[in-house]
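Below is one structure, written out as structure tokens; the observations come after it.
The values are calculated or read from the model by the stated rules, or taken from the named source; none is laboratory data. Fair warning: this is a prediction, and the values are worked out from it, not measured in the lab. All Cβ positions, glycine included, derive from the backbone under ideal geometry; neighbour counts span all protein chains shown. Side chains included, ligands, DNA and RNA excluded: accessible areas come from the protein's heavy atoms. Shrake-Rupley method; radii C 1.70, N 1.55, O 1.52, S 1.80 Å.
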Amino acid sequence: MGNYSFIVFAFALSIFFVRFDGYIVNLAMPTLVSYFNISISRASWISIAYILSQVSTIMLFGKLCDRLEIKKVFLYGLVVFTVSSFFCGISPNFPMLIAARCIQGVGGSMMLVSSYAAMVLYLPGNKVGWGLGIMTVSAALGVLLGPVVGGFIIHYLNWHWVFLINVPLGILGLIFSLKVIPYIANTGKFSYKEIDMGGLVFSAAALFLFIYALNMIDERGLCSPVVLGCAFFAVLFFVAFYLEEKRSKHPLIDIKLFNDRDFALVIFSTVIGFLLFFGGSFLIPFYLTQKGLNPKQIGLLLTVFSLVYMPIGLYAGSLSDKIAPRKIVCWAMFFATITGFIFSAMLGRQGLLPAVIYLIMLAISYGLFFSPINHYIMNFADKDDRGSVSALYNTSLNISMALGVVLMETVYSEFKIQLDGFRAAFFTGGACCLVALGVLVFLNRIKSKN
């Protein structure tokens, strides 16, 4: 099987690319608004297009990971991501940039699904948690370095290099991956006729409309025709997808997975448990701006989270090989609940101490949660549906990301006094973690009795 460390590093590198690209592009948004002479609302589509294309194709690539060699899916994804990054960087106009970002999202989807599924395929059972911990650290490193590198690129070069930097990195990653990742031949024959096109269309449409509706709430309002219409048709397509998967001989995902109450509840707790993380990450820069910090100072302060998160994430991954992940995630959600409630109570205090405490506690909570919850979910997968389960995990993260931002921003906006809005929003985030904790404790007790 070769050297496990090199194999894991190759896949972790792709996770770094995806997260690094997301945060480096966010930093370039003001520059892109000025360059293309567009509104902030329109510029948001640079991020939305990437997320929507990613979430709309994730089920397909999960299925392909189950039926094809994972290495092939991964390498093709890396090529698509690298080539589309080049076209993003040379885009002469806004429509071409959006089109290239959509293709880039497809490449990111291929890399994400195949990388997490690969940890179960390539590593022995007692190393899976360790591998997932490495993936968590690489994601955190991407989040940490994205704003720092982005600042230097925007200051000393131009926005084009925010995307073009992925090209040499992608080529190096491709060469390295070709050398160190072994092929594991699929035991069954695959025909593209087996792809459930109905399920693919229905799932892509449902996820696209759902994420789009969530992103439009802030701009159009919760009760606007656009939001309600998209939500209504998203539900219809979800129902159509469910019926199609029950009927299909070759479904994109095995619907029977959700007949397992434990699996369904773990996915639910994942979505609910990450709301504080994603919603809080959106709001905390606004809170720090109110405290008088400039963007550079905010970026430096936020590195506190990554510096604490990386070693804990690595430790938690290895720990989940020794202790049942279901136990670790309960403690993680307990700390996350306290984090939301304590920060909500401390917001009125002077100085930056409340923010520093929040970032440290958040890093501890989710450092203990990311790898173990991934490990917990992947434990439900057998050899024929690793890709599908990985796709469901990544889909739950994308849904939580969109829902967390919308939920906490909506709660915040309901209050005329900013401080009250921040308090209510982070209290809501803590309450969501409490719900997730309740579900996970329930599952832990049931499992202990059995």
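Some points to look at:
- Paired Rg and Dmax values of the range 81-155, which use every Cα atom, in angstrom: 16.1, 50
- Accessible area (Å², 1.4 Å probe, nearest 10) - His160: 50
- For the chain, a Gaussian network of Cα nodes joined below 10 Å ranks Gly107, Gly170, Gly198 by mean-square fluctuation, and the top entry is Gly198.
- Of Lys246/Lys447; Lys63/Lys256; Lys327/Lys447; Lys71/Lys179, those spanning more than 22 Å from alpha-carbon to alpha-carbon: Lys246/Lys447
- Probe 1.4 Å, all protein chains present, accessible-area order of Val25, Val149, largest first: Val149, Val25
- Here is the tail figure for the range 262-318: Cα pairs spaced more than 17 Å apart come to 57 percent of all pairs.
- Candidates Gln54, Gln297, Gln104: whichever shows maximal mean-square fluctuation once the chain is modelled as a Gaussian network with Cα springs under 10 Å: Gln297
- Three semi-axes describe the equivalent ellipsoid of the range 30-161; taken as square roots of 5 times the Cα gyration tensor eigenvalues and ordered largest first, they are 31, 18, 12 Å.
- For Leu276, solvent-accessible area (1.4 Å; no DNA, RNA or ligand), Å²: 0
- Carbon + sulfur, % of accessible area of the chain - ligands and nucleic acids excluded, 1.4 Å: 69
- The mean sequence separation of alpha-carbon pairs under 8 Å and at least six residues apart, normalised by the residue count of the chain, gives a relative contact order of 23 percent.
- Heavy-atom accessible surface of Ser84, to the nearest 10 Å², is about 10 Å², with a 1.4 Å probe and all protein chains retained.
- Whether the range 233-277 is rounded, prolate or oblate, judged on the alpha carbon gyration tensor where a/c under 1.5 counts as rounded: oblate
- Relative contact order computed over the range 312-401 (Cα-Cα under 8 Å; 6+ residues apart), in percent: 39
- Taking other residues whose beta carbon is less than 15 angstrom from the beta carbon of Ala316, and scoring Lys, Arg as +1 and Asp, Glu as -1, yields +3.
- The range 191-347 shape via C-alpha gyration tensor axes, a/c threshold 1.5: oblate
- In the list (1) 0.94; (2) 1.21; (3) 1.69, the label attached to Cα Rg over 2.2 N^0.38 Å as derived from the coordinates here is (1).
- Most mobile listed residue (Ala118, Ala391, Ala205) in the chain, GNM with C-alpha springs under 10 Å: Ala205
- Kirkwood Rh (inverse of mean 1/r, distinct Cα pairs), the range 387-444, angstrom: 13.0
- Mean ellipticity per residue at 222 nm, deg cm²/dmol - from DSSP H runs of n ≥ 4 across the chain, formula -39500 (n - 2.57): -28000 deg cm²/dmol
- Accessible area ranking (1.4 Å probe, heavy atoms, ligands and nucleic acids excluded), largest first, for Phe274, Phe16, Phe334: Phe334, Phe16, Phe274.
- With 0.36 nm allotted per residue and the present C-alpha distance subtracted, the Phe268-Glu414 stretch has 49.9 nm of extension available.
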